[in-house]
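Chemist: Let me give you the structure first, and then I'll get to my questions.
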Amino acid sequence: MQEQFTSKPGLQSLKALAKSGGLAGMLSITSYLTIAFTSLPDPIVFFLAMAFPILGIVFLFALMEYIHFYNPSYANRLGFVFGSLAFTICAAFLSAQLAVQVGVHIENTQVATQEARFVKESIRLIDMGMDVAWDMFIGTYLVLLLISSRRLKELRFWGFALGILGIALMILNTITFPNPPAESGLFDLGPFIAIGLFALAGQTFRLGLLRE
């Protein structure tokens with residue numbers, strides 16, 4: 001029975017995808033943490049800001065395929081849709097945010113400081129709205145991950161932990177809308193979710209190496 005299970009067509013391809021996707025996930029979160037906690041030149045910040053969602057989608061795809069191989073479900077497929085949309089929203093608001101910051105800084109010699117500040121504060125309201133949308137979509141993905149991974153012992157813990165964080169994230173964003181929770185004096189779950197996703201990516205990479 002075990003031989004039939006492990007000889008499924010495409011298993012070696014799946015293992016390669018899990019390794020690539022897990023590595024992409026770890027690089028994605030590393031990019032996020034780098035721009036969050038360091039000060040770098042604008043072009044590098046932009047590159048890392050785009051690497052975060054792009055590599056994140058690669059990771060989610062690999063994880064979806066891994067789960068589908070062993071436990072197909074609608075929750076798994078729907079989760080990838082929500083996760084991909086979340087990272088797309090993230091890419092859009094990060095790109096816009098950085099463009100405004102760099103543009104206003106460049107034009108500061110030509111635009112009065114008060115006007116520059118007004119432009120940045122106005123655009124910031126749009127940023128906050130998109131930030132909340134990102135949180136709601138990624139939170140939904142994490143809940144669907146909890147559902148789709150509950151029967152896989154190698155992923156069950158990570159799915160449960162991240163699913164609970166996803167529920168808390170959506171509740172906090174609903175309470176504090178239109179401001180993100182971190183800007184409303186409440187707990188910021190972002191770093192914890194990032195660390196959880198990094199660990200999940202590491203586990204995905206490990207499964208690609210070990211799964212026979």
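The values are calculated or read from the model by the stated rules, or taken from the named source; none is laboratory data. Fair warning: this is a prediction, and the values are worked out from it, not measured in the lab. Heads up, the Cβs are rebuilt from the backbone with ideal geometry, glycines too, and the neighbour counts pull from every protein chain shown. Areas reflect the complete protein model, heavy atoms only, side chains present, ligands, DNA and RNA absent. Shrake-Rupley method; radii C 1.70, N 1.55, O 1.52, S 1.80 Å.
Chemist: Quick one: accessible area per residue over segment 6-102, 1.4 Å probe, rounded to a whole number of Å²?
Modeler: Heavy-atom SASA per residue in segment 6-102 reads 48 Å².
Chemist: Where only protein heavy atoms count, and the probe is 1.4 Å, what is the accessible area per residue for segment 139-212 in Å²?
Modeler: 51 Å²
Chemist: Sticking with this one: How large, in Å, is segment 117-206 by the Kirkwood hydrodynamic radius built from its alpha-carbon pairs?
Modeler: Answer for segment 117-206: a Kirkwood hydrodynamic radius of 14.0 Å.
Chemist: Give the carbon-plus-sulfur fraction of the accessible surface of segment 58-98 in %, rounded to a whole number; probe 1.4 Å, heavy atoms of protein chains only.
Modeler: 72 percent
Chemist: What FRET efficiency comes out for LEU209 versus ARG124 if R0 is 41 angstrom and r is the Cβ-Cβ distance? Round to the nearest 0.05.
Modeler: About 0.40, to the nearest 0.05.
Chemist: Which order do the peptides 179-185, 19-25 come out in when sorted by mean C-beta neighbours inside 10 angstrom, highest first?
Modeler: 19-25, 179-185
Chemist: Then there is this: Put TYR70, TYR32 in order of accessible area, largest first, 1.4 Å probe: what do you get? Spell out each step's value before the answer.
Modeler: Working: TYR70 35, TYR32 65 Å².
Greatest to least solvent exposure: TYR32, TYR70.
Chemist: So, with a 1.4 angstrom probe, what is the percent of accessible area on segment 172-212 that is carbon and sulfur?
Modeler: 69 percent
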